[in-house]
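Step one of this worksheet: look at the structure below.
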Amino acid sequence: MPSPVFWLDESLLGRVLAPFLRPVLEQMGWELRQQRDLTAMTLRRFPGLALLDTIEALALVPAYALATDLALVAQHASVVALETPDRPDQIGEAVVVSEGCRPASRALARATIEPFFGLRIRAWDGEQGADALPVLRVHEDEAALGPLGERSHDLGRAWFVLTGQPFVSHLLVVAPELPSDVLRPVASLLQVLPEQLAGRAAEIAAELVAARPLDAGRLRVVLTEALSVVTPKVRKAVDELVRRSGSGLRLPPGEIYRPLAS
């Protein structure tokens, strides 16, 4: 019987989490795989357990369950930023470029930029008819973690101020063929993961800053806050992101959320 697979993407947080998860998962008989553009299609072809971009995760519902054991969230700092050519209050209309970003980051941009900054977006990602307008650019991961200022804005933080909800970038999806006795040890591993990551947040931030000029303080906040179980507030935040971004996805029903050990 092949080893069950735990999937991670190669986002900043996916790369940070891999060394915590890999040795323990391998001892349990699991295989950890990482893929740069991890999508719902990947999981349909190669079923497993995956910490997956929220919008991609919702595309798998109801075939896959959403595990309540882990989600990636942001409140006071995030790895999604908006670069503007001028102060937002000096921009009336603009276009947004978010190509290359993950679907949840693009959904965050669509849900946040207009209502938070009070400007009008005339086109998104190559739509025609707005060539002369200022260009706003969405960045994620290391590219989003430079110093903030009049032309650089943390979109996850803006979303939190706007809605009072965290930005939920990733959810844990579970293939239906994975039995509970295989999943139960992983649930125990994930239970201690938030404390482990928070305990090493300063160390990991220092290592990343040594390799690239990043805002160490924001990075520490991101790492400290990143991991959460799926609480009612997290579920509400997911629903709010779906509604406000105009993603066209159906809101996940309550029964689709369940613990791995159930």
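The values are calculated or read from the model by the stated rules, or taken from the named source; none is laboratory data. Note that the structure is predicted; figures quoted are calculated from it, not measured. For neighbour counting, all protein chains shown are included, and Cβ atoms are generated from backbone atoms with ideal geometry for every residue, glycine included. Ligands, DNA and RNA are stripped out before the accessible areas are found, and what is left, the full protein with its side chains, is counted by its heavy atoms. Shrake-Rupley method; radii C 1.70, N 1.55, O 1.52, S 1.80 Å.
Quick notes on this one:
- Expressed as a whole percent, the accessible surface of region 80-163 that belongs to carbon and sulfur atoms is 44, based on a 1.4 Å probe.
- Loop GluC sites (Glu not before Pro), region 157-262 (other Cβ atoms within 10 Å of the site Cβ: 15 or fewer; DSSP): 177
- Sum of side-chain charges, residue 208 neighbourhood, beta-carbon under 15 Å (Lys, Arg +1; Asp, Glu -1): -2
- Rounded to 5, percent antiparallel among DSSP beta bridges of region 52-184: 70 percent
- Largest first, the residues 20, 6 sort by 1.4 Å accessible area into 20, 6.
- Taking all protein chains together and rolling a 1.4 Å probe, residue 152 ends up with roughly 30 Å² accessible.
- Residue 22 paired with residue 180, simple spin-label distance in nm, labels 7 Å along Cα-to-beta-carbon: 3.3 nm
- Extended-chain gain in nm, criterion 0.36 nm per residue less alpha-carbon gap, residue 122 and residue 195: 22.0 nm
- Computed with a 1.4 Å probe over protein heavy atoms only, the accessible area of residue 154 comes to about 10 Å².
- Percent RCO, i.e. relative contact order, over region 80-163, from Cα pairs under 8 Å lying at least 6 residues apart: 52 percent
- Heavy-atom accessible area per residue - region 80-163, 1.4 Å, Å²: 46 Å²
- CD proxy at 222 nm, helix term only [per DSSP H run n ≥ 4: -39500 (n - 2.57); per residue of the chain; nearest 500]: -12500 deg cm²/dmol
- Here the spin labels are modelled as points 7 Å beyond Cα on the Cα-Cβ line, and at residue 3 and residue 161 they lie 4.5 nm apart.
- Helix runs (DSSP H) in the chain reaching 18 Å along axis by Cα, Kyte-Doolittle at least -0.5: 12-27, 103-117, 180-199
- The modelled label-to-label distance for the pair residue 31/residue 258, using points 7 Å beyond Cα in the direction of Cβ, is 2.6 nm.
- Exposed loop sites, defined as trypsin sites (Lys or Arg not before Pro) outside DSSP H, G, I, E and B with at most 12 other Cβ atoms within 10 Å, are absent from the longest region of the chain, namely 37-249.
- Mean separation of Cα contacts under 8 Å, 6 or more apart, over the residue count of the chain: relative contact order %: 28 percent
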